[in-house]
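Any read-out appearing in this document is the output of simple, stated calculations on the displayed coordinates, not a laboratory observation. Fair warning: this is a prediction, and the values are worked out from it, not measured in the lab. Every residue, glycine among them, receives a Cβ derived from its backbone with ideal geometry; neighbour counts consider all protein chains shown.
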Amino acid sequence: MSLAAHVSLSLGTFDLDVQFSVEPGEVVALLGPNGAGKSTVLRALAGLSPIDGGRIIIDDTVLDDPAADVFVNADARLIGVVFQDYLLFAHLSALENVAFGLRARGMPRARARTIATEWLGRMGLRDHADHRPAQLSGGQAQRVALARALATQPRLLLLDEPLAALDAGTRAEVRSDLRRHLATFAGMRILVTHDPIDAFALADRVIVIEGGRVSQTGSLAEVTAQPRSRYVADLVGVNLLSGNIIHGVLTTAAGAQIVSSYGVDAPTPDGSALVSIRPQSIVLHPEQPLGSTRNVWPVTVIDIDQYADRVRVRLDGPVPLVAEITPGALAALSLQPGSHVWAAVKASETTAYPSY
Amino acid sequence: MKRYFTVSSALGVWTGAVIVFLFTPIAFLVAMSFNDYKSIFKWTHFSTRWWGHMMQNTSLTSSVRVSLEVAFVSTALALILGTFAGLALAKRPGKWTAGFVGIILLILVTPEIVDGAGQLSWFVLLGGPFRTGLTPIVLVHTVFSSAVVTLIVRARVAGLDERLEEAAADLFATPRRAFFEVTLPLVMPAVLAGGMLAFTLSLDNVVSTSFVSPAGVTTFPNYVFGLSGGIIRPEVAAMATLFIASTLAAVGLVALALRRGGQSGTEIAATFTGN
């Protein structure tokens, strides 16, 4: 079972064109800022919004192909959906909610109830079978919604912002629960989220969608190592500089130069490129350092975020940077917003790679 | 602190006064059904004799039967028309909605005396079944009852999350199944409340009913109204008491059904007031 999706549609002035595939048994996260078009992609896959162009295929079955005038209705697609606010049926008990899809597929009532009971048991909700959705907590409602979607044995499970409706206190717990339950389902799973923690905690692979386009796909390690956009860089907390590279020296639009190491395996070809710098690699000096460090810039401290064991310092200068230092270093340098210091990064601590 | 106490006790007294003002006539009527005297305008002493007489007065009992038949049939018709109209208004709004809502509001605000006169002249023109039996009364009641049901159902449907039908579709429910298994059950409280309202509106309608009633067909309120020039006997009060009791029982049953359907008290109250 695999999915090949090319979703192209316009909503007013918003233009979405996204292409990706999901391998059998894979968990994929569609990650992107609000309004990037993630949920629209999900609706298109579920058959709730017809696409204007492209094609959606699961295995050999074409679900949507406007060019060939093919459109399989939502109720005929073997796709389960867990909505952001779950959309449980308020007039039905938890058990009847889970049995709904089985009944709709023509299963006799008694058998549907038996299977639904098993699913509730698997979700640890056997005691809540008779409860109405209004009597369930957020985490319980989510598990009912998940059981409801999985009970019909879909080929593809879609989850729209599965943790967004929960308060911060229960999120971590529900996230690990969800991770466990998702692991028991063997089909393809796609989750939509704007939270990188959820994406990286739950998915094998991340597809980043920005402004209606896929900006990057890859595993957590790949995306973290080589972010391709400011959005992704901010998500994973690294500095990302774009510009033109010639012989390993990147020149930004503002004219600053960054001497970078060559790519990990091969020299980065000349042309449009990105350089990422981990905040921990940036060293701050009170005076201009005279050493082997190739990248040295005079910078001004903009603000300082203190965490328990580290301090993130935002810097402005020829290149905007975030540096991460220890609380001890902060005290030794007596940094405060407005302080003038020197930021230094060894060329070997930077990673350069082509923009595309 | 003292001042607040005074204000709140004044409000309490005011509330009590309003309740007394509203319910004294009803309590009075109930009390008068146990009056021994032949009229409800003078109390002599306690008796239950009129409760026995009530069932022997055939013009009274037949008027009650007419009222109940009209109420049941017109409510059923109003529920069918109003539920579909309400669903259509909320789910498929378009250019037609404003005009349609305008017509409904027109039905509700037109003075009944105008309604009645217009309907009578129209029925006379049509003749035949429109001038005999219960048909003309049922039609007149159905007109305003379906307007009421339409507005109540529309409010409820508009408050429903239409994505629930999408969720049903994702669970393999055909549009037809989604409607009958999800939308309709969720709209049911409004249908029940609309039905209650339609039923009571039909039961106590006097003005337009009196215009269109064919000869020999009299509803309970019109029977009572016809008596007012003369003497109203306690048997009428007894029948009215029976009506009040059964109305309260019906409201209780609906509330119970809604509660079993998982609604809170506030939601039930909101349903009854059409919100």
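Hey, how many Å between the Cα centroid of segment B:55-76 and the Cα centroid of segment A:207-239?
Cα centroid to Cα centroid, the span is 75 Å.
Under a 5 Å amide H to amide H cut-off, with H placed in plane at 1.01 Å, what residues pair with A:Ile302 once short-range neighbours are removed?
A:Arg314, A:Leu315, A:Asp316, A:Gly338
Which distance in nm do the two modelled labels at B:Ser47 and B:Ala10 give, with both placed 7 Å along the Cα-to-Cβ direction?
That separation, rounded to one decimal, is 4.9 nm.
Over 14 Å apart: what share of the alpha carbon pairs of segment A:34-110 falls there, rounded to a whole percent?
Tail of the P(r) past 14 Å holds 69 percent of the pairs.
For chain A, what is the mean residue ellipticity at 222 nm derived from helices alone (per DSSP H run of n ≥ 4: -39500 (n - 2.57); sum divided by total residues; nearest 500 deg cm²/dmol)?
Helix-only estimate at 222 nm: -7500 deg cm²/dmol.
Within segment A:333-356, find all residues whose amide N lies under 19 Å from a label point positioned 7 Å from the Cα of A:Ser292 along Cα-to-beta-carbon.
Answer for this model: A:344-351.
Just need log10 I(q)/I(0) for chain B at q = 0.10 Å⁻¹, Debye formula, equal scatterers on the alpha-carbon atoms, no solvent, rounded to two decimals.
With one equal scatterer per Cα and no solvent, log10 I(q)/I(0) is -0.69.
Using amide H atoms built in the peptide plane, which far-off residues or other-chain residues are under 5 Å from B:Tyr37 H to H?
Under 5 Å from the amide H of B:Tyr37: B:Thr44, B:His45.
To the nearest µm²/s, what D does Stokes-Einstein give for segment B:140-228 at 20 °C and 1.002 mPa s, using the Kirkwood radius over alpha carbon pairs as Rh?
It comes out at roughly 138 µm²/s.
Could you give the DSSP H helices of chain A that reach 15 angstrom or more along their long axis (alpha carbon positions) and whose average Kyte-Doolittle hydropathy is no lower than 0.5?
A:94-104
Got a sec? How would A:Met123, B:Met55 order by Cβ neighbour count within 10 Å, fewest to most?
By the 10 Å Cβ count, ascending, the order reads B:Met55, A:Met123.
What are the aspartates and glutamates whose alpha-carbon lies under 16 Å from the alpha-carbon of B:Lys91, with same-chain residues fewer than 8 places away excluded?
Hits, sequence-local ones excluded: B:Asp161, B:Glu162, B:Glu165, B:Glu166.
Based on the alpha-carbon set only, what is the convex hull volume of segment A:237-354 divided per residue, in Å³?
Convex hull volume per residue, Cα atoms: 100 Å³.
Compute the distance in nm between two label points, each set 7 Å from the Cα along the Cα-to-Cβ direction, one at A:Asn244 and one at B:Val20.
9.4
Please give the helix B:234-260 orientation as an angle from the longest Cα principal axis of chain B, in degrees from 0 to 90, rounded to the nearest 10.
Its long axis makes an angle of about 20 degrees.
Using θ = phi - 60° and the Karplus relation 6.51 cos²θ - 1.76 cosθ + 1.60, list the HN-Hα couplings for segment B:98-105 in order, rounded to whole Hz, with x at every Gly or Pro.
Using θ = phi - 60°, the values come out as 4, x, 5, 4, x, 4, 5, 5 Hz.
Go from 0 up to the bin containing the longest alpha carbon distance in the protein assembly as shown, width 20 Å each, and give me the % of pairs per bin.
15, 32, 27, 17, 8, 2
Residue by residue, what Karplus-based ³J(HN,Hα) values in Hz, rounded to whole numbers, does segment A:71-88 have, using 6.51, -1.76 and 1.60 with θ = phi - 60° and x for Gly and Pro?
Result, ordered by residue: 8, 8, 4, 3, 6, 10, 8, 7, 10, x, 10, 10, 7, 3, 9, 6, 6, 6 Hz.
Most exposed first by the Cβ proxy, i.e. fewest other Cβ within 10 Å, how do B:Ile104, A:Ile115 rank?
A:Ile115, B:Ile104
Could you tell me the center-to-center distance, by alpha carbons, between segment B:153-190 and segment A:84-120 in angstrom?
16
Given the C-alpha centroids of segment A:144-202 and segment B:193-212, what is the distance between them in whole angstrom?
53
If the elastic network links every pair of Cα atoms under 10 Å, which of B:Gly133, B:Gly216, B:Gly86 fluctuates the most in the Gaussian network model of chain B?
Comparing B:Gly133, B:Gly216, B:Gly86 in the GNM, the peak value goes to B:Gly216.
Can you list residues from other chains, or at least 5 along the same chain, whose modelled amide H is less than 5 Å from the amide H of A:Ser355?
Those lying under 5 Å, H to H, from A:Ser355 are A:Ala273, A:Leu274.
Applying 1/(1 + (r/R0)^6) with R0 = 45 Å to the Cβ-Cβ distance of B:Met55 and B:Ile107, what FRET efficiency is obtained, to the nearest 0.05?
For R0 = 45 Å, the calculated efficiency reads 0.75.
Provide B:Thr15, B:Thr200, B:Thr110, A:Thr13 in ascending order of the number of other Cβ atoms located within 10 Å of each residue's Cβ, fewest first.
Starting with the residue having the fewest Cβ neighbours, the order is A:Thr13, B:Thr15, B:Thr110, B:Thr200.
Could you derive backbone 3J(HN,Hα) for segment A:307-323 from the dihedral phi with the Karplus parameters 6.51, -1.76 and 1.60 (θ = phi - 60°), listing whole Hz in sequence and x where the residue is Gly or Pro?
10, 4, 10, 7, 10, 9, 10, 8, 10, 10, x, x, 10, x, 9, 10, 10
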